[in-house]
Amino acid sequence: MFDGVISGTIRTVQLELLADGATLERVFTGTIWGEGPVWIPHIRSVRWSDIPNDRILDFDAVTGRTRVHREGVEFTNGRTIDLEGHVVQCSHGRRSVERELNGVPHTLIGHFGEHRLNSPNDVVVASDGSIWFTDPPYGIFDAREGHPGNMEYGGCFVFRLAPGGELTAVITDRDRPNGLAFSPDERILYVSDTAEGDGDIHAYDVDVNAGTATNGRRFASPRPGIADGFRVDVGGRVWTSAADAVHVYSPDGNELLQITVPETIANVCFGGDDGRDLYITASTSLYRIRTATTQAKRPAR
Ligand code: MG
């Protein structure tokens, strides 16, 4: 059940981004490190990962109850919904990206050439069905988040998995690529870099069909802390986690809003029947706040 409204500070220069009288609610508590939220419309639930507990949780927005979806899941992390409405998610333990069908994960990709991936962290699906994901090494460097192992291909890339199954390294100049999301027109890919000394969101001009990314540049530097997971809304604004706050940036990189949460947060997603609830995965809890916007839709094809 709901814990109810908790105190959070909202600092804003654009209050119309939140619903009138919006307050921060804690809707579940009991995780060690919550990550990878996505709204699943047909079950009206937020699904997310409790990585160190190696389980996946579903928060039912109708009943307000949370149940364990699956346990022993090989340390899933970020997830999204593909063009057919299926959940696509990252698994640190299997070092792969997988699609869940009828509750069963099916590996989509686990290798780059003959080398295993590191530990895919976050994932998005473009309008052509290609799957774009980041591959930092947290699941092979931290035993709480996966299985210790080596970086086999010698980098931490952003990959594109084509609908036909071909894997391309699209971005190779980041140290620890982590969160990622497209602009509403899919011409820009935003990528956070959680490397020490970075912590920023970087923007790249992309050609989704060709699988290219060029002109990488710094987009935003949320502080304190570092940017991890984020989402882009229909207005092209970036809603990102960083330490104990959600920061919202305009498409030209100006900070519009800050929502302080009482603990470290890792990721966000939009959800609810009208898509206007922002769900925030923090270390121990899932939070929600009512906004005046929704997540960007994929461009029509
Ligand atoms: Mg992440």
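A few points about this structure:
- Across the range 126-139, the number of residues qualifying as in contact (Cβ under 8 Å) with a residue 60 or more places away in the chain and either among the polar types (S, T, N, Q) or away from the ligand (no atom under 11 Å from the Cβ) (or both) comes to 4.
- Boolean, ARG231 is among the charged types (D, E, K, R), within 16 Å of the ligand (Cβ to nearest atom) and not in a loop (DSSP other than H, G, I, E, B): yes
- Of everything in the range 245-270 that is farther than 15 Å from LEU24 by Cβ and small (Gly, Ala, Ser), the residue that is surrounded by the most Cβ atoms within 10 Å (Cβ to Cβ) is ALA266.
- Members of the range 187-207 that are crowded, with 19+ Cβ neighbours inside 10 Å and either more than 16 Å from the ligand (Cβ to nearest atom) or outside any loop (DSSP other than H, G, I, E, B) (or both): ILE188, LEU189, TYR190, VAL191, SER192, ASP193, ILE201, HIS202, ALA203, TYR204, VAL206
- Restricting the range 140-174 to residues that are within 16 Å of the ligand (Cβ to nearest atom) and among the charged types (D, E, K, R) leaves a set whose member that is surrounded by the fewest Cβ atoms within 10 Å (Cβ to Cβ) is ARG144.
- The range 111-135: number of residues that are closer than 18 Å to ASN77 by Cα and touching a strand residue (DSSP E or B) at 6+ places or on another chain (Cβ under 6 Å): 10
- Of everything listed in (1) away from the ligand (no atom under 16 Å from the Cβ); (2) part of a loop (DSSP other than H, G, I, E, B); (3) farther than 19 Å from ALA126 by Cα; (4) within 18 Å of the chain's Cα centre (by Cα), the single unmet condition for ILE259 is (2).
- If only residues of the range 50-72 that are within 16 Å of the ligand (Cβ to nearest atom) and assigned to a loop (DSSP other than H, G, I, E, B) are counted, the one that is surrounded by the fewest Cβ atoms within 10 Å (Cβ to Cβ) is PRO52.
Here, each number is a calculation from the coordinates, and none is a lab measurement. Computed from a predicted model, the values in this text were never measured in an experiment. Please note: Cβ atoms are built from the backbone with ideal geometry, for glycine as well, and neighbour counts cover all protein chains shown.
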